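Novice: Pasting a structure below so you can have a look.
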Amino acid sequence: MSREKCRHKILIMDDEIQMRFYLMSLVKSLGFDPVLAKDGVQGLDTLTRIKPAAIILDIMMPQKGGTLVYQELVTHPEFKTIPIIFFSGVDRKAFFHHIKMLNINLEHDIPEPAIFVAKDADSEYLKAVIKKCVLGNGLEPE
């Protein structure tokens, strides 16, 4: 039997290589295994092979952006229970307004995301949010 225990995987979907590297380092510092995807298409494909403990999702990405990925995740029976951390430079109010407008044209509303962290957030706060999503340590995300 291997000495290494099964570690939680965190799927990171972000098109910026510097941001993926930053998030990878942060996730590793928490003792979790980062799995990287450069866009929503690659991220959704990755989900067919792994079941992450949480997903860190950017909004503005090529191929398939975070909003479309989120829409697929929350409506898919296998993925809808995975905690999603939106991590974006897009203004929170503007994004939530976008979700509200998107729901006007949908048969079934998609919920507002529970966790939204600005890309300029303090790294210790982001680490606490990730830990709460994976381990549940009592922190209430903003």
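The values are calculated or read from the model by the stated rules, or taken from the named source; none is laboratory data. Just so you know, these numbers come straight off a predicted model, no measurement behind them. Using ideal geometry, Cβ is built from the backbone for each residue, glycine included, and neighbour counts are taken over all protein chains shown.
Novice: Tally time: how many residues in the range 29-48 are within 12 Å of the chain's Cα centre (by Cα), among the small types (G, A, S) and not in a helix (DSSP H, G or I)?
Specialist: The total comes to 1.
Novice: Do you know which of the residues in the range 102-121 that are more than 17 Å from the chain's Cα centre (by Cα) and part of a loop (DSSP other than H, G, I, E, B) is surrounded by the most Cβ atoms within 10 Å (Cβ to Cβ)?
Specialist: First, the residues of the range 102-121 that are more than 17 Å from the chain's Cα centre (by Cα): 102-109.
Checking the rest, the ones that are also part of a loop (DSSP other than H, G, I, E, B) come to 105-109.
Working: N105: 6, L106: 10, E107: 5, H108: 7, D109: 12.
Across the range 102-121, the extreme among qualifying residues is D109.
Novice: Across the range 78-101, which residue is surrounded by the fewest Cβ atoms within 10 Å (Cβ to Cβ) among those that are in a helix (DSSP H, G or I) and touching an Asp or Glu at 6+ places or on another chain (Cβ under 6 Å)?
Specialist: Step one: list which residues in the range 78-101 are in a helix (DSSP H, G or I), which gives 92-101.
So of that shortlist, the ones also touching an Asp or Glu at 6+ places or on another chain (Cβ under 6 Å) come out as 96, 99.
Details: F96: 13, I99: 16.
Looking at residues that are in a helix (DSSP H, G or I) and touching an Asp or Glu at 6+ places or on another chain (Cβ under 6 Å), I get F96.
Novice: Oh, and also: Only one of these is among the charged types (D, E, K, R) and either surrounded by fewer than 16 Cβ atoms within 10 Å (Cβ to Cβ) or not in a loop (DSSP other than H, G, I, E, B) (or both): K51, K64. Name it. Quick ask: steps written out before the conclusion?
Specialist: Working: K64 fails: either surrounded by fewer than 16 Cβ atoms within 10 Å (Cβ to Cβ) or not in a loop (DSSP other than H, G, I, E, B) (or both).
After ruling out the rest, the residue left standing is K51.
Novice: Taking I10 as the residue in question, decide whether it is surrounded by 15 or more Cβ atoms within 10 Å (Cβ to Cβ), under 12 Å from the mean Cα position of the chain (by Cα) and within 15 Å of K131 (Cα to Cα). Break it down into steps so the answer makes sense when it comes.
Specialist: Working: surrounded by 15 or more Cβ atoms within 10 Å (Cβ to Cβ): yes; under 12 Å from the mean Cα position of the chain (by Cα): yes; within 15 Å of K131 (Cα to Cα): yes.
In short, yes.
Novice: Here is a check on your reading of the model: is L26 crowded, with 18+ Cβ neighbours inside 10 Å, in contact with a helix residue (DSSP H, G or I) (Cβ under 8 Å, 6 or more places away or on another chain), part of a helix (DSSP H, G or I) and touching a residue at least 60 places away in the same chain (Cβ under 8 Å)? Quick ask: steps written out before the conclusion?
Specialist: Working: crowded, with 18+ Cβ neighbours inside 10 Å: yes; in contact with a helix residue (DSSP H, G or I) (Cβ under 8 Å, 6 or more places away or on another chain): yes; part of a helix (DSSP H, G or I): yes; touching a residue at least 60 places away in the same chain (Cβ under 8 Å): yes.
In short, yes.
Novice: Which members of the range 67-77 meet the condition of being surrounded by 11 or more Cβ atoms within 10 Å (Cβ to Cβ) and in a loop (DSSP other than H, G, I, E, B)?
Specialist: Hit for the range 67-77 is H76, nothing else.
Novice: Something else now. Taking the condition modelled with pLDDT under 95 and either within 15 Å of the chain's Cα centre (by Cα) or among the hydroxyl-bearing types (S, T, Y) (or both), does I59 pass?
Specialist: Taking the combined requirement at face value, the residue satisfies it.
Novice: Might you let me know whether the range 76-84 holds any residue that is more than 19 Å from K132 (Cβ to Cβ) and touching a Gly at 6+ places or on another chain (Cβ under 9 Å)?
Specialist: Restricting attention to the range 76-84, the residues satisfying the condition of being more than 19 Å from K132 (Cβ to Cβ) are 76-79.
Narrowing the set further to residues that are touching a Gly at 6+ places or on another chain (Cβ under 9 Å) leaves none.
Among the residues of the range 76-84, not one is more than 19 Å from K132 (Cβ to Cβ) and touching a Gly at 6+ places or on another chain (Cβ under 9 Å), which makes the answer no.
Novice: So which residues in the range 31-66 are basic (K, R) and touching a residue at least 12 places away in the same chain (Cβ under 8 Å)?
Specialist: Filtering the range 31-66 down to residues basic (K, R) leaves 38, 49, 51, 64.
K38, K51, K64, listed by residue number.
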